[in-house]
Amino acid sequence: MSLFRQVLLVLLATCILVAGTGFSVSLLQARSSLQMQLSAAATDTAHSLGLSLVPALRRHDQVLAETMMRAIFDRGYYRRIVLLDPAGHVLRRYESTWNGEDVPAWFRHLLVLRTQSALTQIDAGWVQQGSLIVESSAGEAYRQMWAMAVQEAQMDLLVTLILILAAYVALRWMTHPLKAIEMQAQAIMRREFVEIDRMPHTRELRQVVQAMNRMSRQVSALVDDLLHQVESLRQQAYVDTVTGLANQRAFDNGLAARLADSESRSVGAMIILQVDEFARLNARVGSDLADQLLMQIAGRFSHLAQEYPAALVARRHGADFAAFLPGLQKEEAESCLDALLRAVASLPLVGEWQDLVYYAGMAYADLDSEPGELLPRASVALRLAREGGVRGSHILQASSLQSHALSLLGHGLDSWRARLDLLLQQDRLCLFYQPCVDFSGGLLHKEILVRLDVDGQLLMAAHLLPLVERLGWEGRLDAMVLDKVLRYQRDAAALGLPLDRLSVNLSPYSLRSAAVRQELMERLRQDEDLLPMLQIEVAESALVLAPQAVREFATWLENAGAGLVIDRYAMRQQSLAVLGSLSLRAIKLDMALVRDVVDSPDHRFLLSTLRHAAHSRDMLLLADSVESTEQWQVLKELKVDGGQGFLLARPKALEVLPHAI
């Protein structure tokens, strides 16, 4: 219950208590006063009526005596009037049975009025004429007391309502700053460090707001400083200082990680571009102009990375540039190489220096190629291009131009579309999982892996995704996987089985599409009770491809009880800028950052700084593709929160549950 309601209830209880106490005291005082009036009225009436009856009794005028007694009795204030002779015999008697029955019985039982009687002697000189008994009636007193109680209750209720309304308005005004403080605290929990501009008038609240603002600024500055340190370290370790592209170390690590990951490795092309005799050019035109040439060529490679978010581009050394383009088919890769050569040829310095010579080589590989052969084959292609003449290029094909996926699905785009469409309609997707654990062995979540059953053979995601992306069916596949996962959780809950947190990967292209994103959110809303045991993973490339969409989706997931995880996080420059404004549950490190953590002090220091930045924003830092005990031990020393990989557990099929009835 909010503080506002608590204070309002206390004020309401206080008003009711005060009004009730005053009302009770008033009723008790009224009863005491009426009780005294009943006694006094009986005594006074007995004496005055007795004196009035003396002449009638002396003359034995019964009619006059009855008339006088009837006039007093009929007023309704007396229960009984009795006239007795000197011997005590009743001469005349008037008695009423009415005792205020029109007043509620509970009221009469709660405030009892005792009737009072008075006896007086009637004397004529020294001779006694008789005696008179007068007893007051409580009925009229009850009626008066009830009318007074109703009137006072109405007045007390009206005053109480006015006081409560005034207290409500006053409390709203006084506690308005508390609402702002509450919203600020919730924003800080979401890792949004906002400040309250309007200071409250109350001294204590103003001090609290000032303290919250200072804390928000300090935590924001701390997080920004940590992110800047991470960016600075990343720049020093992985960025070429002249061009701003990745350096050879970053490129080689990223390439090795991509090609070694059996779940995400796909077909692709390796391009190497080299400016011939760059050292001689540098000596001839000077380092400034030579560096400008490198930066112009780097701009073309950066444009390539923007066009293909999953691409790796780098200046490896000297005037050698490299680009790895995963997921491209052979025709697309060749078109990309031609476009790159035309873009380089259009550079101002290249057009100015007609004697400038450059070459490009490309090696294309499918899933059946050896991962370690791709870069050497591209180097061979570059050497063959040099032999082809000025500004030449050469392409080395893969030894097997058709991948395992294509051999299963058939050849030709139409054949792929028809066969894959049929398999998806038949719901031939199989769910596997790989557990992510902490260092005590506790389960953090199970990452869902997808396989496609093609005639009894399981097609891995690395074979499947290039075809899905080429057909533009990313949203369709993501919706099917999400539906199967939610159905599994729902069946497990219906069977009374404990629920593990499942982590589902979505394509960055699905998030970029507003329609697909809305469709996925609607599907999630249908099982809101299961969302706390669900989290969504997206690759780091989504932060470059659709940063605003990722930000909105992360906020929606957090409000719905689920969470977002950035997968394959390799600390790209563009993603670091977005990371500070995201509401994330965890960051999962790319294999390129994990594989060299044992031998590289720079990697360890970088991960330690990144861990501080993640924990300051209440995020977990997890490692992917852990394959050796040495890596696991170093990650534990760095206080990473957990990880997954073949060392810890291999992928397993998600158990099939009977549909709960």
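The values are calculated or read from the model by the stated rules, or taken from the named source; none is laboratory data. Computed from a predicted structure; not experimentally measured. Glycine gets a Cβ as well: all are built from the backbone with ideal geometry, and neighbour counts include every protein chain shown. Note: accessible area is taken over every heavy atom of the protein model, side chains too, but ligands, DNA and RNA are not part of it. Shrake-Rupley method; radii C 1.70, N 1.55, O 1.52, S 1.80 Å.
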*Translational D in µm²/s for the range 580-661 (Stokes-Einstein at 25 °C, 0.890 mPa s, Kirkwood Rh from C-alpha pairs)*: 176 µm²/s
*Just name one of Ala514, Trp416, Leu452: the one whose Cα is farthest towards the positive end of the charge dipole of the range 412-519 (beta-carbon charges, Lys/Arg +1, Asp/Glu -1).*
Ala514
*Over the Cα atoms of the range 1-128, how large are the radius of gyration and the largest Cα-Cα distance (Dmax), in Å?*
23.8, 85
*Beta carbons within 10 angstrom, averaged per residue: use that to sort the peptides 280-290, 613-623, highest first.*
613-623, 280-290
_the range 131-204-the range 212-242 distance, computed between alpha-carbon centres (Å)_ = 51 Å
*Check cross-link reach from Lys588 to the lysines: straight Cα distance under 24 Å, and skip same-chain residues fewer than eight apart.*
Lys446, Lys484, Lys636, Lys639, Lys652
*Tell me what the chain gives for mean residue ellipticity at 222 nm when only DSSP H runs of n ≥ 4 count, each as -39,500 (n - 2.57), the sum divided by the residue total, rounded to 500 deg cm²/dmol.*
-18000 deg cm²/dmol
_Simple label model, 7 Å out from Cα along Cβ direction - Gln354 to Val7, nm_ = 8.5 nm
*Sort the following peptides by mean Cβ neighbour count (other Cβ atoms within 10 Å, averaged over residues), highest first: 560-569, 527-536.*
560-569, 527-536
*asked:* So if each residue of separation counts as 0.36 nm, and I subtract the Cα-Cα distance between Trp173 and Gln248, what length gain in nm does that give?
replied: 20.8 nm
_What would the Debye equation give as log₁₀ I(q)/I(0) for the range 244-366 at q = 0.18 Å⁻¹, counting only Cα atoms as equal point scatterers?_
-0.93
_When a/c reaches 1.5 or more, the comparison of a/b and b/c decides; with that in mind, is the range 453-524 rounded, prolate or oblate per its Cα gyration tensor?_
oblate
*Just the number, please: percent antiparallel of the DSSP beta bridges in the chain, rounded to the nearest 5.*
70 percent
*Whenever you get a sec, compute what percent of the accessible area on the chain sits on carbon and sulfur atoms (1.4 Å probe).*
55 percent
*Of all the Cα-Cα pairs you can form in the chain, what percent are over 32 Å apart?*
67 percent
_Calculated FRET value between Val208 and Glu528, using beta carbons and R₀ = 30 Å, to 0.05_ = 0.30
